[in-house]
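Note sheet for the following structure.
The values are calculated or read from the model by the stated rules, or taken from the named source; none is laboratory data. None of these values were measured; they are calculated from a predicted model. In this analysis, Cβ positions are derived from the backbone assuming ideal geometry, glycine residues included, and neighbour counts consider all displayed protein chains.
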Amino acid sequence: MKMGFLSVDEQMKILMRGVADIVTEEELRRKLERSVKTGRPLRVKLGIDPTAKDLTLGHTVPLRKLRDFVELGHQGVLIIGDYTAMVGDPTGRNEARPQLSHAETTANAERYLEQAARVLDVSKLEIRRNSEWLAPMSFADVIRLAAQSTVARMLEREDFKKRYEEGRPIYIHEFFYPLMQGTDSVAVQADVELGGTDQKFNLLTGRDLQRNAGQEPQVCLMTPIIEGLDGTQKMSKSLGNYIGLDHSPDEIFGRTMSIPDTLIITYFTYFTDVPQEEIEQIKAAMAAGENPMKFKKQLGRAIITTYGGTEEEARRAEERWVAQFSRGELPEDIPDVVIPAAELPMPAARVLVTAGLAPSLNEARRLIEQGGFSVDGERVTDPRAELMLRPGQVLKAGKRKYGRVVLK
């Protein structure tokens, strides 16, 4: 065995942790065996489209898997999809994404890398932009690329299939997205590509294009899509059910405290550096009847320290949260109140009426003006204040009415 690599079995144990799907495990093992024998690190690709400036914890899951490969001695290749972002990934969409300008994607990419540095050492990555090989393509090159797939194949995708059946438009440029992403794999000669389970079609397209180019097909290693704070829908900024890497320690801790108990182990596993053995102990303790709140607080501290916060900042965030919420200030059983996510931000007075905490807008305005309305302990004094609520926040109206926000 060459120096510098763990054994294949040891690497597989680390790399398969938290994997939701893989095509194929046998191929990954063979590639690792060859890597150990030759001393050549695998080229492990992760593509990101800089369509937004800020990362959520959901974005860190494939980044953390890339970190696993890099720490085992392999070459991480981070593709900044400055060209694919101008198309917009149609995955999971009922309509075409808005196209971004090159200037927008460049600015977003810089911000993305700043935040990604909280997850892994970006100086160890090979960072490429797919405009390097996509921008120089001639129209003849584009025709040859398009000839490597069919409309029938594209319509196998659930999102395209659904839109076609519902009579929603599917634009030709959207068909190019998986072909462009697959071209990235050919350009960097990827041995492995990482992505969420929702990326499977795109990742498999990369395998097809690599075969056509005479390359060995990449292994497609997929991580799960993690639910947001509401415990039901994908973590998303648009739904407000997220924890952001740029949130303050207090915000991170408070949002962590709002998750359902069923997500505690999932968040420990995918969002923290807590060892798996300790996570198994936590799981066993909760199954034996220990109060989940103890472990939820530990989770909040762990998330803060995992993404750049200090132990002291984590401790103070917990203390402030306990002072606000856990010293008899709130009843144990707070009813859920449903707020339509599509209507956010919503005026404070309408929030009270929608939540059933006030019978009318006039009564809601009066209550707010008298100082009788708060969100997570923060008093709201303007009935017209636009509130961007998130799942788990506690609304209080008057002295005795409470509601815990659920977004639908």
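Look at segment 290-304: where a residue is of a type in the set (S, T, N, Q) and a partner is surrounded by fewer than 21 Cβ atoms within 10 Å (Cβ to Cβ) and part of a helix (DSSP H, G or I), sitting 6+ places away or on another chain with Cβ atoms under 9 Å, you get Q298/I282. On the given criteria, is N108 buried (at least 19 other Cβ atoms within 10 Å of the Cβ) and either modelled with pLDDT under 85 or out of contact with any Asp or Glu (no Cβ under 7 Å at 6 or more places or on another chain) (or both)? Against the criterion (buried (at least 19 other Cβ atoms within 10 Å of the Cβ) and either modelled with pLDDT under 85 or out of contact with any Asp or Glu (no Cβ under 7 Å at 6 or more places or on another chain) (or both)), N108 qualifies.
Looking at this structure, is A152 within 22 Å of H74 (Cβ to Cβ) and free of Cβ contacts under 8 Å to residues at least 24 places away in the same chain? Against the criterion (within 22 Å of H74 (Cβ to Cβ) and free of Cβ contacts under 8 Å to residues at least 24 places away in the same chain), A152 does not qualify. Taking the conditions exactly as written (at pLDDT below 90, of a type in the set (S, T, N, Q) and over 30 Å from D273 (Cβ atoms)), does Q148 satisfy them or not? Taking the combined requirement at face value, the residue does not satisfy it. Residues of segment 350-408 that are of a type in the set (A, V, I, L, M) and under 15 Å from I334 (Cβ atoms): A355, L357, V375, L389, V394, L395, A397, V405, V406.
The combined condition, being in contact with a Gly (Cβ under 9 Å, 6 or more places away or on another chain), buried (at least 20 other Cβ atoms within 10 Å of the Cβ) and part of a loop (DSSP other than H, G, I, E, B), is fulfilled by L389. Can L395 be described as of a type in the set (A, V, I, L, M), closer than 27 Å to S236 by Cα and either in contact with a Gly (Cβ under 7 Å, 6 or more places away or on another chain) or outside any loop (DSSP other than H, G, I, E, B) (or both)? In short, yes.
Evaluating T56 against the criteria (1) closer than 25 Å to G244 by Cα; (2) at pLDDT 95 or above leaves one unmet condition, (2).
Listed by first and then second residue, the pairs with beta-carbon distance under 6 Å, at least 6 apart or on different chains, first residue in segment 171-188 and within 15 Å of T150 (Cα to Cα) and without any contact (Cβ under 8 Å) to a residue 60 or more places away in the chain, second β-branched (V, I, T) and part of a helix (DSSP H, G or I), are P178/T205; G182/T205. When residues in segment 120-139 are screened for being of a type in the set (G, A, S), outside any helix (DSSP H, G or I) and either modelled with pLDDT of 95 or more or surrounded by 14 or more Cβ atoms within 10 Å (Cβ to Cβ) (or both), 1 of them pass. Being modelled with pLDDT under 90 and aliphatic (A, V, I, L, M) holds for only one residue in A103, A117, and it is A103.
Considering only residues in segment 140-151 that are over 31 Å from the mean Cα position of the chain (by Cα) and outside any loop (DSSP other than H, G, I, E, B), the one that is surrounded by the fewest Cβ atoms within 10 Å (Cβ to Cβ) turns out to be A140. Please enumerate the residues belonging to segment 1-30 that are surrounded by fewer than 17 Cβ atoms within 10 Å (Cβ to Cβ) and touching an Asp or Glu at 6+ places or on another chain (Cβ under 7 Å). Answer for segment 1-30, where residues must be surrounded by fewer than 17 Cβ atoms within 10 Å (Cβ to Cβ) and touching an Asp or Glu at 6+ places or on another chain (Cβ under 7 Å): just I14. If the condition is being in contact with a strand residue (DSSP E or B) (Cβ under 9 Å, 6 or more places away or on another chain), crowded, with 22+ Cβ neighbours inside 10 Å and within 18 Å of A85 (Cβ to Cβ), then segment 198-229 contributes Q199, N202, L203, G206. Among the residues of segment 152-167, those that are out of contact with any Lys or Arg (no Cβ under 8 Å at 6 or more places or on another chain) and not in a helix (DSSP H, G or I) comprise E156, R157, E166, G167.
Rundown of residues vs (1) buried (at least 16 other Cβ atoms within 10 Å of the Cβ); (2) of a type in the set (K, R); (3) under 20 Å from the mean Cα position of the chain (by Cα), yes/no style:
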site	(1), (2), (3)
F160	yes, no, no
Y164	no, no, no
P169	no, no, no
I172	no, no, no
F176	yes, no, no
L179	yes, no, no
D184	yes, no, no
Q189	no, no, no
G196	yes, no, yes
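The single residue among A349, A355, A364 that is under 26 Å from D261 (Cα atoms) and either touching a residue at least 60 places away in the same chain (Cβ under 8 Å) or buried (at least 18 other Cβ atoms within 10 Å of the Cβ) (or both) turns out to be A355.
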